[in-house]
Amino acid sequence: MSARRTGVADRPIGVFDSGVGGLTVLRALQARLPHERFVYLGDTARLPYGTKSAATVVRYALQAADALVGRGVKALVVACNTASAVALPAMTERYGGLPLVGVVEPGADAALAATRSGCIAVIGTEATVRGGAYQRAITARRPGARVRAAACQLFVALAEEGWTDGPIARHAAERYLRPLLQARGVLPRADTLVLGCTHFPMLRAVIREVAGAGVVIVDSAATTAAAVHRLLRERGLLARAGRPARPGGSGRAAALQLLATDGAARFAAVGGRFLGRPIQPREVELIDL
């Protein structure tokens, strides 16, 4: 019996992050898959994941994913670089055949497609950089690639405060990026920069200004959305074509359900910038994990 006949294809896609940064991935998913419904969970009570130990990130990620699986999602998108870097193997083991996509692998693919010299720079949270997930994913695909990485934790705070341009954002970008991108000995300057945190696209303009026109900036949101589309198509799980999903509504009929573990008002205020549209606090359902 096909997935469509059993109704699986009409179920929502689950997306989760430690906070609101994953809304940049959700935004790309909605653009790529306009007929799909989504349930987004931000674990705002326990953010940031980027400074936590690997064991804690795995535990938190599994609890968040369990909440989404309990709501009957047909696929899981880990819209958190830290959780993708650290917890994806544990999640794959737990959820078996459920389609599961993180942001690291699509980002690595996009970086390798973009680079000319094979010198790639990655910026992310402390946990993402320390765990080396992008470094492994890139060099596994191209052993000769040279990957540099730097933790840019201040970018997270700047994105959430809305300080995405001006002297403070520019000074932070200069301190982080100039040493990372410059030539080192016989190695040329990095020609590709991976935004390895879902907050960082909010600072794309100032990152572009500091990095310079010769550096390709890779935002894994669009490539993650493409990977989700491809996986659902391969498994016959794409929602029926027709009118785009309704942007409003409530309950299981809604095109989008927003869940958070704390602070509905702050989630709405900050998240609206990431999603690209206003969010009302009443749209955010608080849950415990």
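None of the figures in this text is laboratory data; all of them are computed from the coordinates on show. Note that the structure is predicted; figures quoted are calculated from it, not measured. Cβ atoms come from the backbone with ideal geometry, glycine included; neighbour counts cover every protein chain shown.
Between R59 and E126, with labels modelled 7 Å along Cα→Cβ, what's the label distance in nm to one decimal, could you check?
The two pseudo-label positions are separated by 1.8 nm.
Can you bin segment 148-289 into rounded, prolate or oblate? Criterion: square roots of the alpha carbon gyration tensor eigenvalues sorted a ≥ b ≥ c, rounded for a/c under 1.5, prolate for a/b above b/c, oblate for the rest.
It is oblate, given that a/c is not under 1.5 and a/b is not larger than b/c.
Could you check the spin-label model distance between R94 and R141? Points 7 Å from the Cα along Cα→Cβ, value in nm.
For R94 paired with R141, the spin-label model returns 2.7 nm.
Between A269 and I217, 0.36 nm times their residue separation minus their Cα-Cα distance comes to what?
So the extension gain works out to 16.0 nm.
Quickly rank 171-180, 197-206, 7-16 as a protection proxy: mean count of other C-beta atoms within 10 Å, highest first.
Descending packing order for the listed peptides: 197-206, 7-16, 171-180.
Can you give the extra length, in nm with one decimal, that the chain gains between I168 and A113 once fully stretched, where that is 0.36 nm per residue apart less the Cα-Cα distance?
Length difference between fully extended and current span is 16.6 nm.
For the chain, list log₁₀ I(q)/I(0) at each q in 0.14 Å⁻¹, using the Debye formula over Cα point scatterers of equal strength and ignoring solvent, two decimals each.
-0.98
Between R32 and R282, with labels modelled 7 Å along Cα→Cβ, what's the label distance in nm to one decimal, could you check?
Calculated label separation equals 3.4 nm.
For segment 1-128, just say rounded, prolate or oblate: build the C-alpha gyration tensor, square-root its eigenvalues into a ≥ b ≥ c, call rounded for a/c under 1.5, and beyond that prolate if a/b exceeds b/c, oblate if not.
Since a/c reaches 1.5 but b/c is at least a/b, the shape of segment 1-128 is classed as oblate.
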